[in-house]
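A short worksheet on the structure shown next.
The values are calculated or read from the model by the stated rules, or taken from the named source; none is laboratory data. Given the structure is predicted, the values throughout are model-derived calculations rather than measurements. Here the Cβ positions follow ideal geometry from the backbone for every residue, glycine too, while neighbour counts run over all protein chains shown.
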Amino acid sequence: MTESLQRGWCPALSRPMPTGDGLLIRLLPTDRIPVPAFIALCDAAHRHGNGTIEISARGSFQLRGFTDASAAALARDVERLGVPASDDVPVLTDPLSEDPDALIDATKLAFELRAAIKRARVSVAAKVCVVVDGGGQLHLDSVTADIRLRAIPTLKGLRLHLAVAGDAPSAIPLGSISPESASEVVLHLLAIIAQHGPAARARDCLSELARAARDLGAEPCLLTSRPRAEPIGIHPLCNGRFALGLAPAFGHAPAEAFSELARVAELNGAGALRPVLDRTLLLIDLGGAAIKQVAREAKALGFVTRADDVRRRIIACPGSPACASGFIPARTLAAEIAGRVPNVPGTIHISGCAKGCAHPAPAALTIVGTHQGCGILHHVSARDAPSRRVGLGDVIPEVIAVASEERVHG
């Protein structure tokens with residue numbers, strides 16, 4: 001098996017991953033990016049790579065089409081520009097410290113955690129992930145993580161709810177800890193995971209993690225559920241200004257489109273931006289009078305500006321020829337479906353192969369590329385066995401039929 005097909009490996013700035021269109025670099029910002037630095041980053045992506053920029057489901061930038069030499073050149077540019085990013089254990093945060101609903105500054109706590117992890121030289125599997133949720137509206141309940149911290153109010157004051165191995169509904173709760181003990185607790189739990197081997201995850205040592213949490217002072221507590229977070233739209237900030245969430249169609253756009261969007265945002269007062277969950281980009285510190293103008297110009301550039309846009313219900317990986325594993329042109333097919341089937345049946349996942357990288361979870365309809373054509377799956381993931389296969393030219397009629405059936409029985 002080639003490196004590009006290994007599941008356990010995450011591409012990073014320091015370790016690009018081979019794909020069908022060259023090397024792929026993933027850049028996980030740890031804080032907001034000043035608009036001028038982002039414009040320069042777009043220019044570097046175009047100059048050194050093929051100019052395609054993606055936003056991942058977890059809020060990373062993915063830059064495509066590099067060689068060994070040009071990837072090294074991009075890394076130098078990223079360092080020179082001072083783009084805040086990390087190649088270490090991913091520590092994901094809710095993105096707006098100025099969110100009026102936030103209970104803590106999650107970005108600050110995450111910075112402290114990253115520094116502690118780096119000092120301790122913790123070595124865990126590439127896919128191990130930590131979530132720090134400050135309690136704001138753009139929460140991280142849908143993110144699957146090995147260790148989850150969520151700020152909650154209690155009778156004893158502010159605490160951090162601790163859970164492991166899942167998204168918010170499925171993770172195993174271990175109690176609550178004080179914010180001051182967060183680094184100690186997270187380091188201890190990561191060390192336990194690491195002891196189980198280079199591929200271990202939190203789910204492989206649940207009883208040990210629970211015992212360690214009790215020994216470190218975790219106290220029983222209840223956690224309430226929250227409505228789904230929607231990053232697309234207008235988000236008020238504590239300073240009286242706003243963040244505007246919008247998205248590249250199907251998670252990707254040319255560097256030139258991103259750069260032009262950033263210029264529009266800057267002309268209208270935005271000082272920074274940040275990629276966030278669900279392949280969304282936040283333009284931060286806009287004045288209220290500027291939001292409609294920015295949204296209009298973003299729409300003209302091809303960006304999704306409404307949460308109910310049909311393109312938000314279609315998830316597609318790059319597919320062929322960009323991905324060496326892809327059997328079908330997933331994003332080309334996604335655009336065709338969006339143009340011809342306005343009422344798609346729930347979430348549609350179009351995967352170039354059975355790995356299902358873009359959407360590991362089940363979808364209402366999954367179309368997966370195979371050696372024998374397009375596999376059709378209902379309410380399962382791309383890794384399950386297809387119920388049947390159709391030719392590429394028969395996919396649109398299949399989606400139309402499913403959409404009609406959903407309307408009848410829904």
Checking Leu187 against (1) closer than 19 Å to Val132 by Cβ; (2) aliphatic (A, V, I, L, M); (3) surrounded by 17 or more Cβ atoms within 10 Å (Cβ to Cβ), which test does it fail? (3)
Count of residues meeting criterion [part of a helix (DSSP H, G or I) and among the polar types (S, T, N, Q)] in segment 239-292: 1
Would you confirm, using the coordinates I've provided, whether Arg119 is more than 17 Å from Leu277 (Cα to Cα), free of Cβ contacts under 8 Å to residues at least 24 places away in the same chain and not acidic (Asp, Glu)? yes
Would you point out which residue out of Ala126, Ala145, Ala165 is more than 16 Å from Gly217 (Cα to Cα), in the same structural domain as Ile193 (by TED's automatic domain parsing) and at pLDDT below 95? Ala126
Going by the conditions given, is Gly346 within 28 Å of Gln62 (Cα to Cα) and either surrounded by 24 or more Cβ atoms within 10 Å (Cβ to Cβ) or among the acidic types (Asp, Glu) (or both)? no
All positions within segment 94-116 that are free of Cβ contacts under 8 Å to residues at least 24 places away in the same chain and of a type in the set (A, V, I, L, M): Ala115
Of all residues in segment 6-25, which are of a type outside the set (A, V, I, L, M, F, W, C) and either in contact with a Lys or Arg (Cβ under 8 Å, 6 or more places away or on another chain) or in a loop (DSSP other than H, G, I, E, B) (or both)? Gln6, Arg7, Gly8, Pro11, Ser14, Arg15, Pro16, Thr19, Gly20, Asp21, Gly22
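Table: residues versus (1) surrounded by 14 or more Cβ atoms within 10 Å (Cβ to Cβ); (2) in the same structural domain as Leu28 (by TED's automatic domain parsing); (3) touching a residue at least 60 places away in the same chain (Cβ under 8 Å).
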site	(1), (2), (3)
Leu160	yes, no, no
Glu180	no, no, no
Ile193	yes, no, yes
Ala202	yes, no, yes
Cys205	yes, no, no
Can you find, within segment 26-51, the residue that is farthest from Cys323 (Cα to Cα) among those that are modelled with pLDDT of 95 or more and part of a strand (DSSP E or B)? Pro34
Go through (1) at pLDDT 90 or above; (2) part of a loop (DSSP other than H, G, I, E, B); (3) touching a Ser or Thr at 6+ places or on another chain (Cβ under 9 Å) and name the single condition Ala307 misses. (3)
Can you work out which of the residues in segment 85-113 that are surrounded by fewer than 18 Cβ atoms within 10 Å (Cβ to Cβ) and within 19 Å of the chain's Cα centre (by Cα) is modelled with the lowest pLDDT? Asp87
Tally of residues being surrounded by 24 or more Cβ atoms within 10 Å (Cβ to Cβ) and aliphatic (A, V, I, L, M) across segment 316-327: 1
In segment 187-216, anything touching a strand residue (DSSP E or B) at 6+ places or on another chain (Cβ under 8 Å) and assigned to a helix (DSSP H, G or I) is listed as Leu189, Leu190, Ile193, Ala202, Arg203, Leu206, Leu209, Ala210, Ala213, Arg214
